[in-house]
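Comments concern the structure below.
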Amino acid sequence: MAVEKQILEIEGQRGILQILLVLHENGDMLYGNLYNNPALINISNNSTAKRALDILLKHELIRQRKEKGTRATYYCLTEKGKRFTRQVCVMRKILTE
């Protein structure tokens with residue numbers, strides 16, 4: 001059985017699992033808090049974060065919301081993203097055993 005294209009795309013982009021876990025633990029987050037934020041996430045490059053967010057949006061794991069009257073952009077997990085992230089949390093727990 002060949003690995004699905006979607007899995008290869010998610011696996012190949014740095015930061016995807018970090019973003020999912022941070023959104024899971026913190027709820028809606030401003031775009032600027034999803035990179036260069038050592039307290040929460042280990043993504044220091046804006047373009048890396050943007051590519052990861054684009055892939056997550058493409059697969060409908062997150063939703064983007066723009067704040068009216070400002071340039072602020074927020075991201076949150078979709079229901080599909082919550083289900084996916086719960087599985088990532090299970091994997092994280094297994095790794096810590």
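The values are calculated or read from the model by the stated rules, or taken from the named source; none is laboratory data. Note that this is a predicted model, so its numbers are computed, not measured. We place every Cβ from the backbone using ideal geometry, glycine too, and count neighbours over all the protein chains shown.
What do you reckon, is residue 89 among the hydrophobic types (A, V, I, L, M, F, W, C), modelled with pLDDT of 95 or more and not in a helix (DSSP H, G or I)? Here the answer is no, as residue 89 does not meet what is asked. Against the test of being farther than 13 Å from residue 10 by Cα and surrounded by 14 or more Cβ atoms within 10 Å (Cβ to Cβ), the options 40, 53, 57 yield a single qualifying residue, 40.
Return the residues of the stretch 62-81 that are in contact (Cβ under 8 Å) with a residue 24 or more places away in the chain and in a loop (DSSP other than H, G, I, E, B); say none if nothing qualifies. Outline the logic, then answer.
Taking the stretch 62-81 as the starting set, the residues that turn out to be in contact (Cβ under 8 Å) with a residue 24 or more places away in the chain are 62, 65, 72-77, 81.
Within the stretch 62-81, just 72 meets the criteria.
For the subset of the stretch 10-31 comprising residues that are of a type outside the set (A, V, I, L, M) and outside any helix (DSSP H, G or I), which member is surrounded by the most Cβ atoms within 10 Å (Cβ to Cβ)? Checked the stretch 10-31; the qualifying residue surrounded by the most Cβ atoms within 10 Å (Cβ to Cβ) is 15.
For (1) of a type outside the set (Ser, Thr, Tyr); (2) without any contact (Cβ under 8 Å) to a residue 12 or more places away in the chain, each residue gets a yes or a no:
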position: 35; (1), (2): no, no
position: 60; (1), (2): yes, no
position: 94; (1), (2): yes, yes
position: 97; (1), (2): yes, yes
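In the set (1) of a type in the set (A, V, I, L, M, F, W, C); (2) assigned to a helix (DSSP H, G or I); (3) surrounded by fewer than 17 Cβ atoms within 10 Å (Cβ to Cβ); (4) within 12 Å of the chain's Cα centre (by Cα), the condition left unmet by residue 7 is number (4).
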